[in-house]
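Contents: one structure, followed by commentary.
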Amino acid sequence: MTSSRVDKSGVSRRTVVRSAVWSVPVITAAVAMPLASASAPVDQQNVQVASSCWQANFGGVLLSYPQYTITAIGNPVKAGSSFLLTGAGIGNLVVGVVAGAGVLTLLSSTEVRFVLSQDIPAGQSAGLQVQGLRREQTSDAYILAVENIIGNANSNPADDASGQNLWGRYSELLGFIVGICG
């Protein structure tokens, strides 16, 4: 004989146990949800291109030229990834890279390709630097932009390119063309 004892409130012990069993997943889900919603979103941005002006003082004359930094954020940027430096009269620039970081190829009078010859580890950077001018020029904008990133995605297009203006004039005092960027 099966008996179902009913307490003074009119609810059986079986009903209480059955309700408790079904409520465990709901309570578990309710506890897990705030933890998931509180976690930070995963940043898919893997590459950031930035520019600045490096400066040097020669005999009281201030020189400044654009420099560009490629930073791997989140994941490494693989060797073979490429970037384009564009601007009017690009062949007029003397451009250098950190030894072994990559190879520069003049494509036209307005484009130079920079191809990484080694990976940039996550959190680290590689870069290019304009080191001089071959002739005087009026202000021109030079922009380094992502061309092809191998094995990575770039979710923030605003970080794909950066630029600086550069003009140059001959200095009688120094005997060479002085660059000013910014």
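The values are calculated or read from the model by the stated rules, or taken from the named source; none is laboratory data. All values reported here derive from a predicted model rather than from experimental measurement. Note: ideal-geometry Cβ built from the backbone for every residue, glycine included; neighbour counts use all protein chains shown. Protein only, heavy atoms only, side chains kept; ligands, DNA and RNA dropped before computing areas. Shrake-Rupley method; radii C 1.70, N 1.55, O 1.52, S 1.80 Å.
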Segment 60-65 - phi-based ³J(HN,Hα) in whole Hz, Karplus 6.51/-1.76/1.60, Gly and Pro as x: x, 9, 8, 10, 8, 9
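What is the percent carbon and sulfur in the accessible area of segment 66-182, measuring with a 1.4 Å probe over the protein chains and ignoring ligands?
Details: 2900 of 5560 Å².
Summing carbon and sulfur atoms, their accessible area is 52 percent of the total for segment 66-182.
Report the gain in length on full extension from N156 to E172: 0.36 nm times residue separation, minus Cα-Cα distance, nm rounded to one decimal.
On the way: separation 16, 0.36 × 16 = 5.76 nm, distance 4.52 nm.
Going from the current span to full extension adds 1.2 nm.
Just to confirm, what accessible area per residue do you get for segment 43-130 at 1.4 Å probe, in whole Å²?
Values: 3780 Å² over 88 residues.
That works out to 43 Å² per residue.
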Shape parameters for segment 40-103, alpha-carbon atoms, Rg then Dmax in Å: 15.6, 51
Cα-only radius of gyration and Dmax that characterise segment 57-182, units Å: 15.5, 50
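Suppose R0 equals 22 Å; then what is the FRET efficiency for S139 and A56 from their Cβ-Cβ distance, rounded to the nearest 0.05?
On the way: r = 20 Å, r/R0 = 0.89.
Working from the Cβ atoms, E equals 0.65.
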Dimensionless Rg over Rh [segment 91-149; C-alpha; Kirkwood]: 0.98
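Using a 10 Å cut-off on Cβ atoms, rank the peptides 61-68, 85-92 from the highest mean neighbour count down.
Packing proxy ranking, top to bottom: 61-68, 85-92.
For Q118 and N165, FRET efficiency with R0 = 25 Å and r from the beta-carbon atoms, rounded to 0.05? Numbers along the way, then the final one.
On the way: r = 30 Å, r/R0 = 1.21.
Calculated transfer efficiency: 0.25.
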